[in-house]
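Each remark here refers to the structure printed beneath this line.
The values are calculated or read from the model by the stated rules, or taken from the named source; none is laboratory data. Predicted model, so just to flag it, every value in this text is computed and none were measured. When we count neighbours, we look across all protein chains shown, and the Cβ atoms used for this are built from the backbone with ideal geometry, even at glycine. The accessibility values were calculated without ligands, DNA or RNA, using every heavy atom of the protein model including side chains. Shrake-Rupley method; radii C 1.70, N 1.55, O 1.52, S 1.80 Å.
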Amino acid sequence: MRFIDKTILPGDITPQAVFEQRRSLIKAAAAGSFGAALTPWFSRQAFAANPDKLAATLNPTYSSKEEMTPLKYVTSYNNFYEFGTDKADPAEYANTLQTRPWTISIEGLVKKPLTLDIDALLKIAPMEERIYRMRCVEGWSMVIPWDGYSLSKLITKVEPLASAKYVEFVSLADRKQMPGVKSSIIDWPYREGLRMDEAMNPLTLLTFGLYGEVLPKQNGAPVRIVVPWKYGFKSAKSIVKIRFTEEMPKTSWNQIDAREYGFYSNVNPQVDHPRWSQATERRIGDAKGVFAPKIKTQMFNGYAEQVASMYTGMDLKKYY
Ligand code: MTE
């Protein structure tokens, strides 16, 4: 695996210090501790002038206290095969993706199907920030502040039928905007899926931003899913369709190689990938680089308390 850190993107101009400042402002605002005279100039400016900002409130209940991965790594070391298979490709080529206008349809086994413009979708529920650990099946991990709201808020609106057992996520696949779609590595569009209870779990985040700004294109703008207790490939990017089904949906990586990538793909240090161990991981952006000590991977990526009960009685070696 190659790591190339050559791209400076527009998102990179928000240094960590400014982000931290903004975060304490958000917290102070939430706690109601702002006096008019104390409100510094940048708090007003941040939310009024810049359309790239997302006014999200930190949700401490669902946030890791670990050190966050610096923004430049989050936006330059990506998997987004629609733009190429190299980790540096998405940052280099995703600028051709048109993220507005963008419509998403919510369909299938629901009482109230919906077709929504991205701006309407943004307003369905208050924007929260969640600092999640993310673990890629390839053995690396990051800690990322995502901005969005629980997918369950949207699901409740469409009123799924009792027969809806699964939710399928379909990404955009447009050859004109996505050079990687010419390759036949994936049977496009990229598809992922969750069982209904997984989709309804409050941790599953319908995501519009990271580090307080709208999603960079390489991270799946304008809307993606983030499922922190599963390997990264379950978190489908740039989605255009959410479909409720009775049958378990076909998913892209499972179609590529069912033996290596199961439907569940819960982070599980006890179940190895057929070609490598999943017991440890390497944090991207650690100051020690490739010499950084590997850290132990946690069951369900450290979210066991919130999610383990969904899998009680299941053989997780079989349902990998
Ligand atoms: N979604 C789409 N549409 N296409 C992809 O290639 N790659 C997945 C997932 N979602 C992918 C995708 C994989 S393998 C990972 S690890 C994560 O996105 C990476 O997300 P990030 O680049 O924001 O860290």
Fill in: Lysine pair number, Cα distance threshold 25 Å (strictly under), the range 234-320, separation 8 or more or different chains
13
Fill in: For LYS234, net neighbour charge (Lys/Arg +1, Asp/Glu -1) across residues whose Cβ lies under 13 Å away
+3
Response to the item:
Accessible-area order for ASP187, ASP89, ASP272, largest to smallest, probe 1.4 angstrom, reads ASP187, ASP272, ASP89
Worksheet item: How would you order 289-299, 116-126 from highest to lowest mean count of nearby Cβ atoms within 10 Å?
Response: 116-126, 289-299
Fill in: Inter-probe distance in nm under a simple model that places probes 7 Å from Cα toward Cβ, at PHE291 and ARG259
3.9 nm
Item to complete: Could you list the square roots of 5 times each eigenvalue of the Cα gyration tensor of the range 10-311, that is, the equivalent ellipsoid semi-axes, sorted largest first and rounded to whole Å?
Response: 28, 24, 20
Worksheet item: Label-point separation (nm) for THR96 and THR312, each offset 7 Å from Cα along Cα-to-Cβ?
Response: 5.1 nm
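Which FRET efficiency, nearest 0.05, do ARG195 and TRP276 yield, Cβ-Cβ r, R0 25 Å?
It comes to 0.45.
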Worksheet, complete the sentence: Kirkwood radius from Cα pairs of the range 189-284 plugged into Stokes-Einstein at 10 °C, 1.306 mPa s, gives D in µm²/s equal to 109 µm²/s
Worksheet entry | Distance in nm between pseudo-label sites at MET127 and THR156 (7 Å out along the Cβ direction from Cα) | 2.1 nm
Worksheet, complete the sentence: Output for the range 163-249: trypsin sites (Lys or Arg not before Pro) sitting in coil per DSSP, at most 13 other Cβ within 10 Å, listed by number, reads ARG175, LYS176
Item to complete: Please list 201-210, 138-147 highest first by mean number of surrounding beta-carbon atoms within 10 Å per residue.
Response: 201-210, 138-147
Response to the item:
Rounded to the nearest 0.05, FRET efficiency between ARG175 and LYS250 (Cβ-Cβ, R0 30 Å) equals 0.90
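Of THR280, THR245, THR103, which has the most accessible area with a 1.4 Å probe, and how do the rest follow in descending order?
Ranked from most to least accessible, the order is THR103, THR280, THR245.
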Worksheet entry | Accessible area per residue in Å² at 1.4 Å probe, computed on the range 137-190 | 38 Å²
